[in-house]
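The structure appears below as structure tokens.
The values are calculated or read from the model by the stated rules, or taken from the named source; none is laboratory data. Predicted, not measured: the structure shown is a model, and the values here were computed from it. Quick reminder, even Gly has a Cβ in these numbers, built from the backbone with ideal geometry, and neighbours come from all protein chains shown. Only protein heavy atoms, including side chains, enter the accessible area calculation; ligands, DNA and RNA are left aside. Shrake-Rupley method; radii C 1.70, N 1.55, O 1.52, S 1.80 Å.
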Amino acid sequence: MSQVRLRFAPSPTGYLHVGGARTALFNWLLARKEKGTFILRIEDTDVARSTQESTDAILEGMTWLGLDWDEGPYYQSERFPVYREFVEKLMAEGKAYKCYCTPEELDRKRELAIAEGRKPKYDGTCRGVEDRPGAPFVVRFRSPEEGETAFDDLIKGRIAFQNEELDDLIIQRTDGTPTYNFTVVIDDATMGITTVIRGDDHINNTPRQIQLYEALGYPVPKFAHVPMILGADKARLSKRHGATSVMAYRDMGYLPEAMVNYLVRLGWSHGDEEIFSLDELTGKFTIEAVGRSAGVFNPDKLLWLNSHYIKTGDPVRLANLLLPFMKERGIDVAGGPDLAAAVRTLQERSHTMLEMADGAVIYYRSDFEYDPKAAAKSFSPAGRELCAELAARLGQVEALDHGVISAVFDGICADRGVKMKDVAQPARFALTGGAPSPGIFEVMEVLGRDETVRRISRALELFGS
Ligand code: GLU
């Protein structure tokens, strides 16, 4: 393992959003590519908004995408003593101080600044005050007043902030709890994070965080701020553009490899290649090749990738992934045809696993209703007779495979002087009720001889032979 250490640090205040998943993926890819370590850290210091349910949802989403972590999950809520220690250290070194300003005073100064057209910022009132035992206080970081704080973002290039723009950050609240920018730095520093890849909504936090690293004497990590994801209307991706939860895509029948492939291409490119497996990605990914501009979420492209992965997927694995969707449709596949065999007949025609499940239902429900109108058209007396012949001949073969079925059809056509479609059309009606389905030979092969004969006999009984 190299010394490269990356992390994904979600706040558990909701499900795993596609934007968060992409951030996680970029971190994971870089860690895997560099043979480094990928750490998962749950930033749950906001007790009011953090829930176990969200944490579980995030872990589930990561696991579904195949983004495994080497360390963690660490929980910030379990690290309060660590943060406290570092607050004490900064205070002891004079790099942080107690501020006794009341919220009312601060509000008043703030309003005054706004009224006078100044940028509101803490004025440093308590920088030199004596201790006031018993009085409530926050702890502020003594930030440099002059100069600039700059960093070379791996994606966005050089970004500089004037220090006079940054006031003395509160690092510990009146109730003794640490604040967000502080916990992130303590964690990233003590966990030895070498590159921070995160959403570009955090750019404004970065100079403050860099100042804290410097004050604490820790090396400053590299930063890569990933552009946000937009909807087709160029507004930030939100629910109004469709599902934004990664797991909602699973439930809509998307495969994790399609999602991963889609997410990585949303901002990153490698020539004009479109299809990447996780394995290929770990070879090809570089953070420097992530674009500077925001990616636009394109559901059609995701669907296209999903069809690709369904078409080319291993039928046995797809069958396993299909099981919950079959259950949802009230179908227990045990005792029915082999699900992987059913999958093979549906891979070419399904864009999602939902479509595949809908298509597979026909193999497991033999008691479906026939539409009498369709029967009049597709199950004519002549057709019924050919079906009776078909059932009789099928009863005499051992097992059904493509060759056997084809020979039986050819035999009927030759002996009766009819065309293939004259037999196939009524047979399809008898076997599926006329629902859209794969080719009739494929359907018969999946159903097997006995079920095929049973269905034809049922139709003949219902409509008279
Ligand atoms: N917890 C932060 C968030 O979910 C991420 C902080 C970071 O990556 O530095 O937005």
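Things to note:
- Filter pass, Thr177 being over 30 Å from Pro103 (Cβ atoms), of a type in the set (S, T, N, Q), open to solvent by 10 Å² or more (accessible area, probe 1.4 Å) and away from the ligand (no atom under 12 Å from the Cβ): no
- Among the residues listed as Gly411, Gly335, Gly403, Gly417, the single one being without any contact (Cβ under 8 Å) to a residue 24 or more places away in the chain, touching a Lys or Arg at 6+ places or on another chain (Cβ under 9 Å) and loosely packed, with under 14 Cβ neighbours inside 10 Å: Gly411
- Residue match in segment 99-109 (condition: polar (S, T, N, Q), more than 27 Å from the chain's Cα centre (by Cα) and part of a loop (DSSP other than H, G, I, E, B)): yes
- Hey, Met252 in contact with a helix residue (DSSP H, G or I) (Cβ under 8 Å, 6 or more places away or on another chain), touching a residue at least 40 places away in the same chain (Cβ under 8 Å), open to solvent by 40 Å² or more (accessible area, probe 1.4 Å) and more than 30 Å from Pro178 (Cα to Cα) or not: yes
- Screening Arg32 on (1) within 15 Å of the ligand (Cβ to nearest atom); (2) of a type in the set (Lys, Arg); (3) assigned to a helix (DSSP H, G or I) shows it passes everything except condition (1).
- You will find that of Ala113, Ala48, the residue that is without any contact (Cβ under 8 Å) to a residue 24 or more places away in the chain and within 35 Å of the chain's Cα centre (by Cα) is Ala48 and no other.
- Summed over segment 2-22, residues that are near the ligand (Cβ under 9 Å from one of its atoms), surrounded by 22 or more Cβ atoms within 10 Å (Cβ to Cβ) and either part of a strand (DSSP E or B) or of a type in the set (S, T, N, Q) (or both) total 2.
For every residue, the table says whether it meets (1) touching a helix residue (DSSP H, G or I) at 6+ places or on another chain (Cβ under 7 Å); (2) open to solvent by 20 Å² or more (accessible area, probe 1.4 Å).
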site: Tyr75; (1), (2): no, yes
site: Leu90; (1), (2): yes, no
site: Lys109; (1), (2): no, yes
site: Lys121; (1), (2): no, yes
site: Arg142; (1), (2): yes, yes
site: Thr149; (1), (2): yes, no
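- Test: residue in segment 210-228 that is within 11 Å of the ligand (Cβ to nearest atom) and of a type in the set (Val, Ile, Thr): yes
- Among the residues of segment 193-209, those that are under 21 Å from Ala289 (Cβ atoms) and more than 10 Å from the ligand (Cβ to nearest atom) comprise Thr194, Thr195, Asp200, Ile203.
- Some residue of segment 63-73 being within 13 Å of the ligand (Cβ to nearest atom) and closer than 30 Å to Val139 by Cβ: yes
- Among the residues making up segment 137-155, those that are more than 11 Å from Tyr97 (Cα to Cα) and among the hydrophobic types (A, V, I, L, M, F, W, C) are Ala150, Phe151, Leu154, Ile155.
- A count restricted to segment 35-59 and to residues that are more than 14 Å from the ligand (Cβ to nearest atom) and in a helix (DSSP H, G or I) stands at 4.
- The residue of segment 123-135 that is surrounded by the fewest Cβ atoms within 10 Å (Cβ to Cβ), among those that are charged (D, E, K, R) and more than 45 Å from the chain's Cα centre (by Cα), is Glu130.
- Residue within segment 64-76 that is assigned to a helix (DSSP H, G or I), under 15 Å from Leu278 (Cβ atoms) and in contact with a Gly (Cβ under 9 Å, 6 or more places away or on another chain) present: no
- From the options Asp188, Asp168, residue that is outside any helix (DSSP H, G or I), open to solvent by less than 30 Å² (accessible area, probe 1.4 Å) and closer than 30 Å to Asp123 by Cβ: Asp168
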